[in-house]
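Trainee: Sharing a structure, written as structure tokens. Questions coming.
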Amino acid sequence: MMLRRSLARLSPLLSNGALRLNPKPSLSSSSRSFCSSSQTLSPSPSSSKLDNDHTESSGDSSPAVAISIDRSGLCNPPEHAHEPSSDSELVKHLKSIIKFRGGPISVAEYMEEVLTNPKSGFYINRDVFGNSGDFITSPEVSQMFGEMVAVWVMCLWEQMGQPPSVNLVELGPGRGTLMSDLLRGSSKFKTFTKSLHIHLVECSPVLQRIQHEKLKCTDELINEESGAKSAVSAITDAPVTWHASLDQVPSGSPTIIIAHEFFDALPIYQFQKGARGWSEKMVNVSEDSKFRFVLSPGPTPALLYLSRRCQWAPREEVAKLEQIEVCPSAMDLTRKIAKRIDSDGGAALIIDYGKDGLISDSLQAIRKHKFVHILDDPGSADLSAYVDFASIRHSAEEISENVSVHGPITQSQLLGSLGINFRVETLLQNCTEEQAENLRTGYWRLVGDGEAPFWEGPDEQTPIGMGTRYLAMAIVNKKQGVPVAFQ
Ligand code: SAH
């Protein structure tokens, strides 16, 4: 009851209907899971050419049996005496790992290097978001996204008994837009904003600087012991600290964690079913010095992850699939999140594109708003994979009896329950014609399904809804009850 009242009270009141001033992204910008129907799409990136390198396999189809790495059947990586000088730093680095390892690397290792290699990973040295970047995310589409997350967080804080000190953690904040809209949207609720200690988990120094600016941070401090950078956000006077991983965020206070499009960037392993059971799909370098996919000739250690994941899936679900992706990093991270919520109280909200079950073959590469081949010029395109929400649920439930997992529900259900309809009405009352157009298309992109039916502009700019493809899941300390929007 109290929560329903809070919602009705909060959504229309957020920051008095003010529109944020930053320019809107153009409508043609694509999200990571959708491209406008008329955008050039290469054939499904998942149909990447696969060279089956294996000669002899152990013939054992059981994934969990004695594991050893048999690389004998894989072709020896070529000597790259005359590396093409056009190779980027990252390409040279990947080739040298494969060369010195004496065989192919897992798709997970490839993905991790491509995205977060500390020198030249995709995220590390530039702003990859928006029109001039590679893809667009919901917080960049409309301020309403961050404002609705603010409503969820404030309701949860009420459910937690309004603690005077809360760690509000965001994993992978990108440009900091979600957090900035959350703080601006909630700035009138002083008791709430005074309780906040913001922790941003971000691996990219460039994005950390952009987040610093976006949150209007001042009074920067470097902790001599931990090296962590802190500052104060002038939006609400909340302290903000940056960390490289969740482990570094101090525990001991009630915690609310937000992860928007973070899990889809975590490295996945890929497996393919063959006559003799499951093989791991890996990345090698061919004679002509190009990257290519190969299949492991025998069991690899990563098959343990596959067997662990498949324990949670009905046999028929596994039997139907020829390929399976597993993300052990997502399972590990979920266990850490659940343990923290168990010990400190609070909740996590995970929003991403994905499925409530086994994922088959979803890894994709996007450069400048277009799909490209996964192995093409690594480091210059984003790599992301569908999030396996069922594995998140099982990982959390297995590690703690004191947390409950809710959802996934669709983004459209989440934002609808949090009052986005009231919010868009309020904003529409006080804006220019151009802003109204942006609000309507932004609203559609956040909650709609498919192409916007009202669109009268050029076909190639038709706004595509992310409302059903994106899902939301909450992991909550049972003491807090059921979080709003998940009832
Ligand atoms: N949440 C943002 C950005 C999503 S992109 C939005 O919705 O707009 C993924 C973000 O996670 C980026 O900020 C990227 O730099 C960060 N990131 C990816 N992998 C990471 C890792 N292993 N550790 C810390 N940050 C990571």
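The values are calculated or read from the model by the stated rules, or taken from the named source; none is laboratory data. Keep in mind the model is a prediction, meaning the values are calculated, not measured. Because the Cβ atoms are built from the backbone with ideal geometry, glycine has one as well, and the counts that use them run over all protein chains shown.
Trainee: With (1) farther than 30 Å from S88 by Cα; (2) away from the ligand (no atom under 12 Å from the Cβ); (3) not in a helix (DSSP H, G or I) as the list, and E170 as the residue in question, which single condition is left unmet?
Mentor: (2)
Trainee: Got a sec? Which of L200, L215, L221 is crowded, with 21+ Cβ neighbours inside 10 Å and more than 23 Å from A265 (Cα to Cα)?
Mentor: L215
One line per residue, one yes/no per condition, for (1) within 30 Å of L221 (Cβ to Cβ); (2) within 16 Å of the ligand (Cβ to nearest atom); (3) among the acidic types (D, E):
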position	(1), (2), (3)
L246	yes, yes, no
G252	yes, no, no
S279	no, no, no
N284	no, no, no
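Trainee: Now for a separate question. Can you tell me which residue in region 363-380 is surrounded by the fewest Cβ atoms within 10 Å (Cβ to Cβ), limited to those that are touching a helix residue (DSSP H, G or I) at 6+ places or on another chain (Cβ under 7 Å) and part of a loop (DSSP other than H, G, I, E, B)?
Mentor: Here the residue is H373.
Trainee: Residue pairs, Cβ under 6 Å, 6 or more apart or interchain, first in region 131-154 and among the aromatic types (F, W, Y), second near the ligand (Cβ under 10 Å from one of its atoms). List them.
Mentor: Here the result reads F135/R32; F135/D382; F145/S138; F145/P139, each pair linking region 131-154 to a residue that is near the ligand (Cβ under 10 Å from one of its atoms).
Trainee: Can you report the number of residues in region 326-376 which are polar (S, T, N, Q) and within 23 Å of D449 (Cβ to Cβ)?
Mentor: Looking only at that region, the number is 3.
Trainee: Oh, and also: Restricting to region 128-144, name every residue that is closer than 18 Å to K370 by Cβ and either out of contact with any strand residue (DSSP E or B) (no Cβ under 9 Å at 6 or more places or on another chain) or not aromatic (F, W, Y) (or both).
Mentor: V128, G130, N131, S132, G133, D134, I136, T137, E140
Trainee: Can you tell me which residue among A347, A385, A390, A396 is closer than 25 Å to N284 by Cα and at pLDDT 95 or above?
Mentor: Answer to the selection: A385.
Trainee: Under 8 Å by Cβ, and 6 or more places apart or on different chains, what pairs join a residue from region 259-284 that is over 13 Å from G354 (Cα atoms) and in a strand (DSSP E or B) with one that is within 13 Å of the ligand (Cβ to nearest atom) and among the aliphatic types (A, V, I, L, M)?
Mentor: A259/L171; A259/L349; A259/I350; A259/I351; Y269/A108
Trainee: If I ask for residues that are more than 9 Å from the ligand (Cβ to nearest atom) and under 18 Å from the mean Cα position of the chain (by Cα), which ones from region 114-141 would you list?
Mentor: Scanning region 114-141 gives V114, N117, R126, D127, G130, G133, D134, V141.
Trainee: Could you tell me whether S245 is modelled with pLDDT of 95 or more and out of contact with any helix residue (DSSP H, G or I) (no Cβ under 6 Å at 6 or more places or on another chain)?
Mentor: Values: modelled with pLDDT of 95 or more: yes; out of contact with any helix residue (DSSP H, G or I) (no Cβ under 6 Å at 6 or more places or on another chain): yes.
Criteria met by S245.
Trainee: Quick check: is even one residue across region 295-317 in a strand (DSSP E or B), touching a His at 6+ places or on another chain (Cβ under 8 Å), of a type in the set (A, V, I, L, M) and touching a residue at least 12 places away in the same chain (Cβ under 8 Å)? Steps first, answer last, please.
Mentor: Filtering region 295-317 for residues in a strand (DSSP E or B) gives 295.
With touching a His at 6+ places or on another chain (Cβ under 8 Å) added as a condition, the list becomes 295.
Narrowing further to those that are of a type in the set (A, V, I, L, M): 295.
Going one step further and asking which of them are touching a residue at least 12 places away in the same chain (Cβ under 8 Å), we end up with 295.
Yes, region 295-317 has at least one match.
Trainee: Take region 129-149 and flag every residue that is more than 15 Å from R445 (Cβ to Cβ), buried (at least 24 other Cβ atoms within 10 Å of the Cβ) and out of contact with any helix residue (DSSP H, G or I) (no Cβ under 8 Å at 6 or more places or on another chain).
Mentor: Those that are more than 15 Å from R445 (Cβ to Cβ), buried (at least 24 other Cβ atoms within 10 Å of the Cβ) and out of contact with any helix residue (DSSP H, G or I) (no Cβ under 8 Å at 6 or more places or on another chain): none in region 129-149.
Trainee: Working carefully through the options M144, M160, M148, find the one that is modelled with pLDDT of 95 or more and away from the ligand (no atom under 16 Å from the Cβ).
Mentor: Numbers: M144 fails: away from the ligand (no atom under 16 Å from the Cβ); M148 fails: away from the ligand (no atom under 16 Å from the Cβ).
After ruling out the rest, the residue left standing is M160.
Trainee: To continue, here is another question. Would you confirm whether or not region 464-481 contains a residue that is more than 24 Å from the chain's Cα centre (by Cα) and more than 27 Å from P254 (Cβ to Cβ)?
Mentor: No - not one qualifying residue is present in region 464-481.
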